[in-house]
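Just below is one structure, and these are the notes that go with it.
The values are calculated or read from the model by the stated rules, or taken from the named source; none is laboratory data. Because the structure is a prediction, the values reported are computed rather than measured. Note that each Cβ is placed from the backbone with ideal geometry, even for glycine, and that neighbours are counted across all protein chains shown.
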């Protein structure tokens, strides 16, 4: 029976956890904790038309960074590149150090850095899924303002508390 379910399960919207701190989206426009990884899109420092899809796996801490068309990052040797550092820093801003460290299952010493606490190695992972989610995320920003319901957004989280 629906009355036995929590309020958020009876509605098509759920509250969104606000960012721990406001983020600047120019360098890392998309960051998420999903699919067992910290993953996101990081802008290139040298080419405005290029982005990198970077990820760190939970548990193993294996990492990858490649362009949106799956070319390996030139700075990814045996250790994380600058895109992975930027991704980790923005994840901490978005979600908080404790939440990201818990998700990745990594111990970060007091005053320590998340990215310096991982011990994985480079492992190729497909960038297409993350980049596709990023593009879908951008498409929602182009939906015109309206009070009418949008069928494709009925599942989209609400920023208002439900209850």
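Filtering the stretch 64-96 to residues that are touching a helix residue (DSSP H, G or I) at 6+ places or on another chain (Cβ under 9 Å), more than 19 Å from residue 133 (Cα to Cα) and not in a loop (DSSP other than H, G, I, E, B) leaves 85, 89, 92.
Residues of the stretch 63-88 being under 13 Å from residue 41 (Cα atoms) and modelled with pLDDT of 90 or more, which ones? So that I can check it myself, show each step before the final result.
Restricting attention to the stretch 63-88, the residues satisfying the condition of being under 13 Å from residue 41 (Cα atoms) are 64-70, 73, 82-88.
Scanning the stretch 63-88 gives 64, 65, 66, 73, 82, 83, 84, 85, 86, 87, 88.
In the stretch 127-153, the qualifying residues are those that are surrounded by 10 or more Cβ atoms within 10 Å (Cβ to Cβ) and either assigned to a loop (DSSP other than H, G, I, E, B) or at positive phi (or both), and the one that is modelled with the highest pLDDT is 127. With respect to residue 122, determine if the residue is more than 26 Å from residue 24 (Cα to Cα) and modelled with pLDDT of 85 or more. Yes, satisfied.
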